[in-house]
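Undergrad: Below are the structure tokens for one structure; questions will follow.
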Amino acid sequence: MATPCKPRIRDIAILGFAFFATYFGAGNLIFPPLLGLNSGSSFLSGLVGLTLSGVFLPIFTLVIIGLNGNVHAITDHVGKYTYNILLAALMLVCTFVSIPRTCATAIQLGIQGNMPSAPFIPLVILYFLISFFFSFDKNRVMDRMGKYLTPLLALILVIISVLGIIHPLGTPGAPSVPQPFVNAFLGGYNTGDVLVSFIMASVFLTAIASKGYTDVKQRNHCLIACGLIAFILLFIIYGALLYMGACVSQDYPQTIGRAELLVAIIHRVGSAVMIPMGIAVVLACLTTAIGQIAAVAEFTSQVCSRVSYGKAAAVCCFFSALTALLGVDGIVTYIGWIFGVCYPPCLALLVLGILSRILPNDGAYKGAVGLVTLYALLESLPGLSGLAWAKALVSITPLSAYGFGWIVPFLIGLVAGSLLWSFRRPAVATAEV
């Protein structure tokens with residue numbers, strides 16, 4: 001049997017850039033500066049919080065999924081239909097939240113930031129025509145991004161980041177939030193990138209396999225190397241954007257719009273970078289949209305065999321275009337509860353994937369995910385989370401004030417589910433005899 005070859009540097013570079021581009025979209029541009037503005041002189045605490053939730057967790061999630069084989073390998077322990085339910089929910093988030101947000105950000109920041117009179121609606125249509133063109137051929141999506149779109153994007157953003165660090169835009173003021181770390185950690189949720197790992201895992205792993213790395217060890221080495229490239233690029237650019245936001249914390253009100261703040265920061269860096277930044281914004285948003293449209297279309301065509309990949313991509317583009325008409329801040333106002341509901345169960349699945357080799361039975365999966373999902377609904381679902389008893393229950397849950405309230409339900413569900421399942425299995429076996 002032939003010995004598996006080591007992943008080639010060229011392949012790792014192309015796929016690593018593509019991974020970075022898929023993660024780095026609208027939220028990655030508009031949230032770090034505002035978190036820096038909130039953090040002020042405590043920007044290092046803010047950076048640590050954002051790095052953990054917005055950089056480390058997404059890449060780590062992808063690696064854990066890869067080491068387990070795929071998302072199915074984790075979700076099948078919870079239930080037969082868990083994978084389809086989870087992915088269907090995440091695909092709806094893509095279609096009605098993250099993809100439209102990339103479009104609104106690309107236009108409002110990348111284009112109207114340089115040409116204020118540019119018409120919004122025609123640009124929305126053009127944006128999704130381009131996205132559909134690049135995502136239509138599912139076999140070449142990652143290659144096209146990694147070879148052509150992303151290197152230019154990364155180069156522009158790194159240069160602007162270096163300029164913003166070498167020539168500070170001002171002096172950071174006092175933090176406007178009591179806990180900059182917690183604020184930034186929770187703010188990192190809004191990038192949606194942990195969800196992106198679950199959404200894009202199949203596309204990423206398929207792209208690695210298409211390069212010939214079908215051996216498990218080969219694939220995992222390639223996946224980790226690509227993840228490292230994405231991590232480094234995300235950390236550099238996130239850190240610079242957050243720092244630049246902190247440097248202007250004495251100059252702009254905390255109520256400033258996310259898109260408005262980023263435009264103001266770029267103007268402060270220098271008018272010469274406005275056009276390159278505009279190009280980078282459009283590229284960042286386009287690459288994320290293209291990757292997620294491909295993921296939505298692939299999942300839809302697999303679940304509904306009557307719907308072809310191309311038709312699914314077209315339908316996704318249509319509904320995302322309608323939602324994009326709300327604009328950046330209009331979309332952001334309704335995404336908080338969506339991420340609040342989706343994130344804890346995905347984080348629970350991540351931890352279960354890490355512990356998969358030592359978990360005693362499937363009851364641990366079922367109990368942990370079940371209780372965490374219930375907690376997430378009580379904490380974030382509009383209507384339910386507003387009830388007095390739901391508020392009281394969430395408030396007394398340890399660590400809830402720090403955004404980690406899901407940990408206690410996870411542990412209770414893990415232990416209780418394991419015990420109940422261990423009692424149930426002998427009973428079932430006796431009944432069958």
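Undergrad: Is there any pair with a first residue in the stretch 166-195 that is over 22 Å from Thr287 (Cβ atoms) and a second that is in a loop (DSSP other than H, G, I, E, B) and acidic (Asp, Glu) whose Cβ atoms are under 8 Å apart and which are 6 or more apart or on different chains, and what are they?
TA: Gly170/Asp251
Undergrad: Is it the case that Ile30 is at pLDDT 85 or above and among the hydrophobic types (A, V, I, L, M, F, W, C)?
TA: No, not satisfied.
Undergrad: Of the residues in the stretch 282-297, how many are modelled with pLDDT of 85 or more and within 15 Å of Ile199 (Cα to Cα)?
TA: Total meeting the criteria: 8.
Undergrad: Do the conditions hold for Glu260, that is, is it at pLDDT 80 or above and in a helix (DSSP H, G or I)?
TA: Against the criterion (at pLDDT 80 or above and in a helix (DSSP H, G or I)), Glu260 does not qualify.
Undergrad: Let me ask you something else. Could you tell me whether Ser53 is touching a Pro at 6+ places or on another chain (Cβ under 7 Å) and not β-branched (Val, Ile, Thr)?
TA: Spelling it out, it is not the case that Ser53 is touching a Pro at 6+ places or on another chain (Cβ under 7 Å) and not β-branched (Val, Ile, Thr).
Undergrad: Under 8 Å by Cβ, and 6 or more places apart or on different chains, what pairs join a residue from the stretch 352-376 that is not assigned by TED's automatic domain parsing to the domain that holds Gly403 and crowded, with 18+ Cβ neighbours inside 10 Å with one that is assigned to a helix (DSSP H, G or I) and at pLDDT 85 or above?
TA: Here the result reads none, with nothing in the stretch 352-376 linked to a residue that is assigned to a helix (DSSP H, G or I) and at pLDDT 85 or above.
Undergrad: Quick check on the stretch 378-390. Is at least one of its residues part of a helix (DSSP H, G or I), free of Cβ contacts under 8 Å to residues at least 60 places away in the same chain and surrounded by fewer than 16 Cβ atoms within 10 Å (Cβ to Cβ)?
TA: yes
Undergrad: Going by the conditions given, is Tyr189 of a type in the set (Phe, Trp, Tyr), closer than 20 Å to Thr102 by Cα and in contact with a Pro (Cβ under 6 Å, 6 or more places away or on another chain)?
TA: In short, no.
Undergrad: Go through the stretch 204-257 and report how many residues are β-branched (Val, Ile, Thr) and assigned to a helix (DSSP H, G or I).
TA: Of the residues in the stretch 204-257, 8 are β-branched (Val, Ile, Thr) and assigned to a helix (DSSP H, G or I).
Undergrad: How do the pairs read when you match residues in the stretch 220-234 that are farther than 15 Å from Thr206 by Cα with residues anywhere that are polar (S, T, N, Q), using Cβ under 8 Å and keeping only pairs 6 or more apart or on different chains?
TA: Leu234/Asn28
Undergrad: I would also like to ask the following. Would you mention how many residues in the stretch 208-228 are under 19 Å from the mean Cα position of the chain (by Cα) and buried (at least 20 other Cβ atoms within 10 Å of the Cβ)?
TA: Qualifying residue count for the region: 3.
So that you can scan it fast, the table gives a plain yes or no per residue for (1) modelled with pLDDT under 85; (2) within 29 Å of Leu67 (Cα to Cα):
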| residue | (1), (2) |
| --- | --- |
| Gly327 | yes, no |
| Ile338 | yes, yes |
| Leu352 | no, yes |
| Tyr365 | no, yes |
| Leu384 | yes, no |
| Ser395 | no, no |
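Undergrad: OK, next. Take the stretch 91-133 and flag every residue that is in contact with a Ser or Thr (Cβ under 9 Å, 6 or more places away or on another chain) and surrounded by fewer than 18 Cβ atoms within 10 Å (Cβ to Cβ).
TA: none
Undergrad: Can you give me the number of residues within the stretch 338-367 that are part of a helix (DSSP H, G or I) and more than 20 Å from Leu87 (Cβ to Cβ)?
TA: Result for the stretch 338-367: 4.
Undergrad: If you go through the stretch 288-308 one residue at a time, how many are closer than 25 Å to Gly16 by Cβ and either loosely packed, with under 14 Cβ neighbours inside 10 Å or not charged (D, E, K, R) (or both)?
TA: The number of residues fulfilling the criteria is 11.
The values are calculated or read from the model by the stated rules, or taken from the named source; none is laboratory data. Small disclaimer: the values here were computed from a predicted structure and weren't measured. In this analysis, Cβ positions are derived from the backbone assuming ideal geometry, glycine residues included, and neighbour counts consider all displayed protein chains.
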